[in-house]
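Asks: Submitted below is the structure of interest, expressed as structure tokens.
Just so it is clear, none of the values below were taken in a lab; they were calculated from the coordinates. Since the structure is predicted, the reported quantities are computational estimates derived from the model, not experimental observations. Note that each Cβ is placed from the backbone with ideal geometry, even for glycine, and that neighbours are counted across all protein chains shown.
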Amino acid sequence: MSLIPKVMLDSTISPSMTMVTSSQLPQELYDKIIDNLHDDPVSLKHCTLASRFLVPRSQHYLFSSIHLSSVARVHRLYNILTNSPHLSERVRELHLSPGMNAWMASSEPYLFHILSTLTALTTLRISALPGNVIWHRDILPQTTAVIVQLVCLPSLTTFEVCAMGGVPLDFFTIRKHLTYLRLKKVTFSRIPQSDIISAMTTDKLELYLSHAGFRLDEQLLVSFTRPGALFSRVKVLIVHYIKREPQLALEILKASARSLRKIEFRAMFEHNKVEPQNLVINFDLMPNLDHLVFRVNALTSTAWAFESTCAIALINLHRFININSSVGRIRYLTIIIVGHKQPDGGSSNWSSTLIPAMPHIFSKLANIDYMLDEGRGVPPESPFRVEVLLELHGWSLNELSAVRLAWKRRLVSYMPFASIGGRLVCEVKMT
């Protein structure tokens with residue numbers, strides 16, 4: 001949907017400039033036509049000019065997602081909404097990209113007016129453009145106030161902040177329950193000698209704990225982990241780079257121990273070196289947790305690089321399970337191996353069909369299978385499911401069927417405990 005704003009906001013055609021036609025066809029048929037074009041903004045724009053019967057549904061898709069990243073786009077959208085104010089009710093997703101010559105400050109009061117009219121927003125993303133973006137410097141106080149009002153909307157369920165310094169804590173004092181909160185490369189404004197009362201909660205929380213990816217001082221951590229606070233009722237937790245800020249992650253796991261249903265660890269294990277595993281997590285203290293996901297990245301410059309980096313990451317996963325036997329008692333376990341092919345082809349000219357013939361990968365998965373079985377006990381207390389997914393990006397779909405069949409055969413033979421004792425799911429996804 002990211003193309004939609006560019007097509008509409010860079011256009012010089014007003015939504016009101018439509019051809020009035022008559023028709024005896026049912027409106028439902030027109031709506032079906034537009035539904036089939038929902039991801040084709042260029043065609044949708046032409047449909048708004050072709051017939052008045054196509055206009056409402058076309059505008060529904062064209063204005064459902066808006067991306068504002070420049071003064072020009074703000075002015076364009078301001079003119080559209082001034083001429084057709086009802087369109088503000090169509091906007092469900094708003095993506096703001098601060099930065100680039102402080103365009104948000106330069107576009108006042110137009111931006112303020114636009115934001116004030118968005119009453120049906122469900123998703124708000126604030127993701128800075130490349131550069132050092134500081135909230136109080138690049139976003140004016142009146143704009144901050146109206147953004148806070150957007151977060152307060154009953155309809156808003158998703159809030160994402162990325163690459164922003166000095167994010168106001170006002171957002172997290174709002175008494176509101178979100179469906180999804182994502183924080184990446186975020187620091188918060190400091191309020192000395194004040195006790196921040198976190199009233200916001202969320203079902204799903206995604207945190208990036210990489211270098212300067214997320215920072216909380218002790219005062220904020222205490223506030224955010226109190227009962228009823230931001231980190232206390234999380235059901236689905238996605239953590240990137242947990243090894244960079246392990247204590248922070250452990251406090252979140254502790255605060256939401258009784259509500260957690262699913263945990264996904266991304267980039268948890270290094271793929272370039274075998275490392276000591278000293279992160280201890282007792283999953284038995286999370287009574288409702290029934291799904292644990294480990295997402296493993298592998299280099300794809302050559303076939304050798306893929307096999308070796310994948311094997312190293314799996315060794316580190318094996319060591320983690322070795323000191324955290326409670327992993328084996330989780331009912332549903334997923335291991336995802338991810339490989340991104342180089343966009344230009346480069347040295348990644350090897351076929352993914354070679355992957356099932358890489359013994360080091362399967363021997364490490366066999367070790368993991370044995371370790372998981374040791375943790376389950378004999379017999380297992382409850383039925384279990386193990387998924388081992390190979391997620392490849394950039395390869396040809398022609399390779400898909402051959403890789404999938406061979407991948408499944410090898411896994412079944414190398415992971416007998418999961419295959420016989422429970423349910424082993426072996427999938428290959430290519431995108």
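Asks: With each pseudo-label sitting 7 Å past Cα toward Cβ, what's the H177-H360 distance in nm, one decimal?
Replies: Output for this residue pair reads 4.8 nm.
Asks: May I ask you to compute the full-extension gain from R215 to H393, defined as 0.36 nm times their residue separation minus their alpha-carbon distance, rounded to one decimal in nm? List each step's numbers first, then the result.
Replies: Working: separation 178, 0.36 × 178 = 64.08 nm, distance 3.13 nm.
Working it through step by step, the gained length comes to 61.0 nm.
Asks: Once the Cβ-Cβ distance between I420 and D290 is put in as r, and R0 is 30 Å, what FRET efficiency do you end up with, to the nearest 0.05?
Replies: Working from the Cβ atoms, E equals 0.90.
Asks: Still on this structure: What is the gain in length, in nm to one decimal, between H75 and K235 on full extension, counting 0.36 nm per residue of separation less the C-alpha to C-alpha distance? Provide the component values of the computation, followed by the final result.
Replies: Details: separation 160, 0.36 × 160 = 57.60 nm, distance 4.04 nm.
Going from the current span to full extension adds 53.6 nm.
Asks: Need the list of lysines near K204 for cross-linking: C-alpha distance under 23 angstrom, and skip anything on the same chain fewer than eight residues off.
Replies: Reachable lysines: K176, K184, K185, K235, K243, K254, K262.
Asks: In whole Å, how far is the Cα centre of region 259-281 from that of region 349-426?
Replies: If you average the Cα positions of each part, the centres end up 19 Å apart.
Asks: Let me ask something additional. How large is log10 I(q)/I(0) at q = 0.09, 0.15, 0.16 Å⁻¹ when the Debye formula is applied to the Cα atoms of region 281-431, each weighted equally and without solvent?
Replies: Computed log10 I(q)/I(0) values: -0.28, -0.75, -0.84.
Asks: Are there trypsin sites (Lys or Arg not before Pro) in region 283-369 that DSSP puts in a loop and that have at most 11 other Cβ atoms within 10 Å, and which ones?
Replies: Passing both the DSSP loop test and the Cβ count: no residue.
Asks: Taking just the alpha carbons, could you work out the radius of gyration and Dmax for region 156-256, both in angstroms?
Replies: 12.2, 33
Asks: I want to check the label-to-label distance for V222 and S301. Put each point 7 Å from Cα in the C-beta direction and report it in nm to one decimal.
Replies: Reported label-point gap for V222 and S301 is 4.8 nm.
Asks: Percentage of Cα-Cα pair distances in region 218-301 greater than 20 Å, rounded to whole percent?
Replies: Of all Cα-Cα distances in region 218-301, 37 percent exceed 20 Å.
Asks: So which aspartates and glutamates pass the test for K408, namely a Cα distance under 12 Å, with those fewer than 8 places away in the same chain ruled out?
Replies: Correct list for K408: E387, E427.
Asks: At what distance in nm do the modelled label points of Q27 and S189 sit from each other, each positioned 7 Å from its Cα along Cα→Cβ?
Replies: The answer from the label model is 4.5 nm.
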